[in-house]
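S.K.: Quick one: structure below, then a few questions.
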Ligand code: IPD
Ligand code: CA
Ligand code: CA
Ligand code: CA
């Protein structure tokens, strides 16, 4: 294994590549975009641009960081030989992208020795870029983020999202009917990476979702944590497919307790 690189160096690379991928997607969105439904369910759509974006990211990483590993939603999966692995959602918020809603992003995280140390969530149609390095803070377009100061669930605007299979959605809907009366309101904005960044920036007070994959939460999870939020699951573990919660310290416990009231309803 070669010398491990500085997180700031990895962040610069992630930023450069996220901007290039963002340009490709924004340009592509000017034309006709067709949805393919070959993924896990009819609601789980993918476009040729999801794949083109991942191919661009893979090509650029190979040029700038040969030998690094890469995990991407559209099929990239290599461990690499350098101790660095990139975790990439080449287009987070595909359904928004398809409908010309602006909430979509390129999400790129760099993991060193198994720990995410740098992350970028770049949202071209919003004109916004979120960044973080481990221990170096979180930023929106260069401005430091610190999350919400709301301390009660009743005063909390909570973002969430839904998976693609009917069984998961049925379970998530059941949980939601119990959460809605207990919080200020719910938002379903359609891109997990940006939901985590919204929580980091206090645009919402908290976020939770079941069923996220590493590419959904790797960069946004670091950004939320670096903004001072607690990011994890119900049992004190890290963000995972089972559950990802991002909330200010004072809200995390009450939100986790509320979600834990309905464990059976949220199983599939
Ligand atoms: C999806 C979005 C959505 C979330 C889903 C994700 P994709 O990612 O982030 O907000 O609710 O769980 O799968 O498929 O648009 O990259
Ligand atoms: Ca997808
Ligand atoms: Ca995603
Ligand atoms: Ca995606």
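S.K.: Report whether or not residue 29 is out of contact with any strand residue (DSSP E or B) (no Cβ under 7 Å at 6 or more places or on another chain) and either touching a residue at least 24 places away in the same chain (Cβ under 8 Å) or closer than 16 Å to residue 90 by Cβ (or both).
M.R.: yes
S.K.: Where residues in segment 129-139 are in contact with a strand residue (DSSP E or B) (Cβ under 8 Å, 6 or more places away or on another chain) and in contact (Cβ under 8 Å) with a residue 40 or more places away in the chain, which of them is nearest to residue 101 (Cα to Cα)?
M.R.: 129
S.K.: Could you grab me the full set of residues in segment 140-175 that are in contact (Cβ under 8 Å) with a residue 24 or more places away in the chain and within 18 Å of the chain's Cα centre (by Cα)?
M.R.: 140, 145, 146, 147, 158, 159, 160, 161, 162, 163, 164
S.K.: Out of 204, 231, report the one residue that is surrounded by 24 or more Cβ atoms within 10 Å (Cβ to Cβ) and assigned to a loop (DSSP other than H, G, I, E, B).
M.R.: On inspection, the qualifying residue turns out to be 204.
S.K.: Go over the candidates 46, 106, 57 one by one and state the one that is within 13 Å of ligand 4 (Cβ to nearest atom) and surrounded by fewer than 19 Cβ atoms within 10 Å (Cβ to Cβ).
M.R.: From the options 46, 106, 57, the qualifying one is 46.
S.K.: Residue 62 is checked against (1) more than 16 Å from ligand 3 (Cβ to nearest atom); (2) touching a residue at least 24 places away in the same chain (Cβ under 8 Å); (3) in a helix (DSSP H, G or I); (4) in contact with a strand residue (DSSP E or B) (Cβ under 9 Å, 6 or more places away or on another chain) and fails just one. What number does that condition carry?
M.R.: Going through (1) more than 16 Å from ligand 3 (Cβ to nearest atom); (2) touching a residue at least 24 places away in the same chain (Cβ under 8 Å); (3) in a helix (DSSP H, G or I); (4) in contact with a strand residue (DSSP E or B) (Cβ under 9 Å, 6 or more places away or on another chain) one by one, residue 62 breaks only (2).
S.K.: Please determine, by comparing only the residues of segment 42-67 that are away from ligand 1 (no atom under 11 Å from the Cβ) and farther than 16 Å from residue 24 by Cβ, which one is modelled with the lowest pLDDT.
M.R.: Of everything passing the filter in segment 42-67, 42 is modelled with the lowest pLDDT.
S.K.: Restricting attention to segment 68-93, which residues are within 12 Å of ligand 1 (Cβ to nearest atom) and in contact with a helix residue (DSSP H, G or I) (Cβ under 6 Å, 6 or more places away or on another chain)?
M.R.: 72, 73, 74, 88, 89, 90, 91, 92
S.K.: Does residue 180 count as surrounded by fewer than 14 Cβ atoms within 10 Å (Cβ to Cβ), closer than 23 Å to residue 45 by Cβ and out of contact with any helix residue (DSSP H, G or I) (no Cβ under 9 Å at 6 or more places or on another chain)?
M.R.: no
S.K.: Give the residue, chosen from 18, 55, 109, 34, that is part of a helix (DSSP H, G or I) and either within 15 Å of ligand 2 (Cβ to nearest atom) or touching a helix residue (DSSP H, G or I) at 6+ places or on another chain (Cβ under 9 Å) (or both).
M.R.: 18
S.K.: Which condition from (1) under 19 Å from the mean Cα position of the chain (by Cα); (2) at pLDDT 95 or above; (3) not in a helix (DSSP H, G or I) is the one that residue 215 breaks?
M.R.: Among (1) under 19 Å from the mean Cα position of the chain (by Cα); (2) at pLDDT 95 or above; (3) not in a helix (DSSP H, G or I), residue 215 violates only (3).
S.K.: Any idea which of 147, 155 is under 21 Å from residue 247 (Cβ atoms) and crowded, with 19+ Cβ neighbours inside 10 Å?
M.R.: Of the residues listed, the single one that is under 21 Å from residue 247 (Cβ atoms) and crowded, with 19+ Cβ neighbours inside 10 Å is 147.
S.K.: Give all pairs with beta carbons closer than 6 Å in which a residue from segment 73-85 that is in a strand (DSSP E or B) meets a residue that is within 16 Å of ligand 2 (Cβ to nearest atom); count only pairs at least 6 apart in sequence or on separate chains.
M.R.: 77/71
S.K.: Search segment 1-15 for residues being touching a residue at least 60 places away in the same chain (Cβ under 8 Å) and part of a helix (DSSP H, G or I), and hand back the single one that is nearest to ligand 4 (Cβ to nearest atom).
M.R.: 14
The values are calculated or read from the model by the stated rules, or taken from the named source; none is laboratory data. None of the values given here were measured: they were computed from a predicted structure. Cβ sites come from the backbone with ideal geometry, for glycine too, and all protein chains shown count toward neighbours.
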